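Have a look at the structure below, then the notes.
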Amino acid sequence: MFDIQNIRSQFPILSQKINGKDLVYLDNAATSQKPLLVLDCWMKYYTEINANVHRGIHTLSQLATEEMELSRRKIQKFINAKHDFEVIFTKGTTEGLNLIAYSLTNLIKKDDEIIISYLEHHSNIVPWQMLCQRTGAKLKVIPMDENGVLQIDFLDKNLSEKTKIVSVNQVSNALGIVNPIDEIISKTRANSNALIVIDGAQSVPHMKIDVQKMDCDFFVFSGHKMYAPMGTGILYGKEEILRKIQPFHGGGEMIASCSFEKTTYADLPFKFEAGTPNVGGNISLGAAIDFMENIGHENIQNHENALLDYAQKKLLEIDGLRIYGEKAKRTGVVSFNLEGIGIASDVGMILDKLGIAVRTGHHCTQPIMDFFDIAGTVRASFAVYNTFEEVDILVEGVKKAQKMLS
Ligand code: 7TS
C-alpha cells in the first residue's frame, strides 16, 4: 500500500520550518531530499567501514570494495544493463556527458555531425560544442514547437552516414516534457550508424529504466536527484563501445601497468574510474535504489503524475498563469509564469517567505528560454514524498504573489 505519511516520516528534513512555515519542498528536479535508509547507510559506511577500495589487503578495504561492487550490481539490475562492468561510477550527469564527449574524440572527424535537441540542459550542449571545436564536427539541433514538443521529422531529413552521435534527454528538466526517445532511437538506428546517448537525469527518479530494451549506447544520470547523496552518478555504456573508446581521466585505479615509456589501461569498468571514488556515496546510491524499489516504480510514478495533473489543473485556474509545455506529455515538473510579472525570481522570493521551495530562472536551459522569449520561469518539481496539500499551499502562494506583485 502507498502510505504517504510513512514515506514522509523517512525524510527528517521535511518536518522543518522555513521562515516560520512548514517546509514545502518543490525543488526536486534540482535535487531530492534523502531518506533515512540512505542517511543511515552513509553514516554506517563512515562509522564502520571507511577505507580505500580495490587496493588494500586489509579487512576494511576489502569490505568497502565488496560493498561498492555490490552497489554496482544493484545499479546494473536497476537499469537492466547486461554486465556490471558496463556501469561506471561518476560524480553525476555532467561528468558522465563530458566523459563520453571527450572519450569519443578520436572517433569524430571534421564535418561529422552531432545531433542534440532544443530541450537540452547546458550539460548536454556544451560538451558537444567543445567536441566540435576539437574536431571540426558540426552540431545540429532537433527543433521544437510552441508546446515544447520535439519535431522529430527533422531526423528524417538530417540523419545520414555523417551523423556520429545523437544525444537527447529522456525528460526535460526545465519543462518536464517526456521526449519520444523510442522513436528518436529507432529513426537513428534506421538511418545512420550514430551512437545514441540518453541523458536520464530527470527520468530515472520518475520511471523504470531498461537500457537494453531502450537500445541506447550510453545512458547517464545523477544519484542526487533520485534520493542518493550528492557527488554520485552513473554512466552506462555498451561493452563493445566502452572497450573501443579512450579513457577520460588518467591516474590511479585506471591502469593495468604504468612506466615512463608506456601505460596500459585497466579492464572495464576501472578504465573510466581514475582516482579514489566516492565510496560512501556510491554505496549509498545502492540504498537509494532499495528505497525506490521498496515503494515500487509504479506507485512512485502514479503518485507523482497525479500530483502533476492536480497542480496543473489548480494553477490554470489562476488568471494570467501560463504553463510552458502545458499540452505536452510531462512528468515531475510544472514550469510557469504570471502575465505582467516579468521576473520569475520575485515570485520565488515570495514563495520562499511562505516556506515553499521552488526554482526560478533559466534552469540551465537558456535556448528554451530564448525560444519562448522569457528570462526564466517558476518551476515546481515533485518527488514521491510530496502531497496534494502541498500543491494547494503552492497554488495559494502563487495567488498571493500575484496580488502582491501586480
Ligand atoms: N541533465 C539534465 C536533464 C538535468 O536536469 C541536469 C541537472 C543535468 C543534466 C546535470 O546534472 P548534474 O547532477 O551533473 O548537475 N538539472 C538541474 C536542474 O534542473 N536544477 O538544478 C540542476
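Within the range 94-113, the set of residues being open to solvent by less than 10 Å² (accessible area, probe 1.4 Å) and within 25 Å of residue 30 (Cα to Cα) comprises 96, 97, 99, 100, 101.
Name the single residue, out of those in the range 90-132 being among the β-branched types (Val, Ile, Thr) and assigned to a helix (DSSP H, G or I), that is nearest to residue 283 (Cα to Cα). Applying the filter and picking the extreme gives 93.
The rows are residues; the columns are (1) closer than 30 Å to residue 308 by Cβ; (2) free of Cβ contacts under 8 Å to residues at least 12 places away in the same chain; (3) more than 16 Å from the ligand (Cβ to nearest atom); (4) within 26 Å of the chain's Cα centre (by Cα).
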residue: 7; (1), (2), (3), (4): yes, no, yes, yes
residue: 16; (1), (2), (3), (4): yes, yes, yes, no
residue: 31; (1), (2), (3), (4): yes, no, no, yes
residue: 36; (1), (2), (3), (4): yes, no, yes, yes
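Yes or no: the range 74-89 includes at least one residue that is in contact with a Pro (Cβ under 7 Å, 6 or more places away or on another chain) and assigned to a helix (DSSP H, G or I). Taking every residue of the range 74-89 in turn, at least one turns out to be in contact with a Pro (Cβ under 7 Å, 6 or more places away or on another chain) and assigned to a helix (DSSP H, G or I).
Residues in the range 291-329 that are in contact with a helix residue (DSSP H, G or I) (Cβ under 9 Å, 6 or more places away or on another chain) and either within 30 Å of residue 71 (Cα to Cα) or modelled with pLDDT under 95 (or both): 291, 292, 293, 294, 295, 300, 303. Picking from residues in the range 69-105 that are small (Gly, Ala, Ser) and more than 15 Å from the ligand (Cβ to nearest atom), the one that is nearest to residue 202 (Cα to Cα) is 81.
Considered as a group, the residues in the range 326-362 that are touching a Ser or Thr at 6+ places or on another chain (Cβ under 7 Å) and not small (Gly, Ala, Ser) include one that is nearest to the ligand (Cβ to nearest atom), and that residue is 333. Scanning the range 217-260 for residues that are within 14 Å of residue 278 (Cβ to Cβ) and of a type in the set (Val, Ile, Thr) yields 232, 234. Residues of the range 346-371 that are touching a Gly at 6+ places or on another chain (Cβ under 7 Å) and more than 15 Å from residue 394 (Cα to Cα): 361, 362, 369. All conditions in (1) open to solvent by less than 20 Å² (accessible area, probe 1.4 Å); (2) without any contact (Cβ under 8 Å) to a residue 40 or more places away in the chain; (3) assigned to a loop (DSSP other than H, G, I, E, B) hold for residue 374, with the sole exception of (1).
Taking the criterion of being surrounded by 14 or more Cβ atoms within 10 Å (Cβ to Cβ), touching a helix residue (DSSP H, G or I) at 6+ places or on another chain (Cβ under 7 Å) and not in a helix (DSSP H, G or I), the residues of the range 1-24 that qualify are 10, 23, 24. Within the range 355-368, the residues that satisfy the criterion of being farther than 16 Å from residue 311 by Cβ and either buried (at least 23 other Cβ atoms within 10 Å of the Cβ) or hydrophobic (A, V, I, L, M, F, W, C) (or both) are 363, 364, 365, 368. The set of residues from the range 63-89 being farther than 23 Å from residue 208 by Cα and open to solvent by 90 Å² or more (accessible area, probe 1.4 Å) comprises just one member, 66.
When the residues of the range 115-125 are narrowed to those that are of a type outside the set (S, T, N, Q), within 11 Å of the ligand (Cβ to nearest atom) and more than 14 Å from residue 177 (Cβ to Cβ), which ends up most open to solvent (accessible area, probe 1.4 Å)?
Narrowing the range 115-125 to residues of a type outside the set (S, T, N, Q): 115-116, 118-122, 125.
If we keep only those that are within 11 Å of the ligand (Cβ to nearest atom) as well, we get 119-122, 125.
Among the residues that remain, those that are also more than 14 Å from residue 177 (Cβ to Cβ) are: 122, 125.
Numbers: 122: 50, 125: 22 Å².
Ranking the candidates gives 122 first.
The values are calculated or read from the model by the stated rules, or taken from the named source; none is laboratory data. Quick caveat, the model's predicted, so the values are computed rather than measured. In this analysis, Cβ positions are derived from the backbone assuming ideal geometry, glycine residues included, and neighbour counts consider all displayed protein chains. Areas reflect the complete protein model, heavy atoms only, side chains present, ligands, DNA and RNA absent. Shrake-Rupley method; radii C 1.70, N 1.55, O 1.52, S 1.80 Å.
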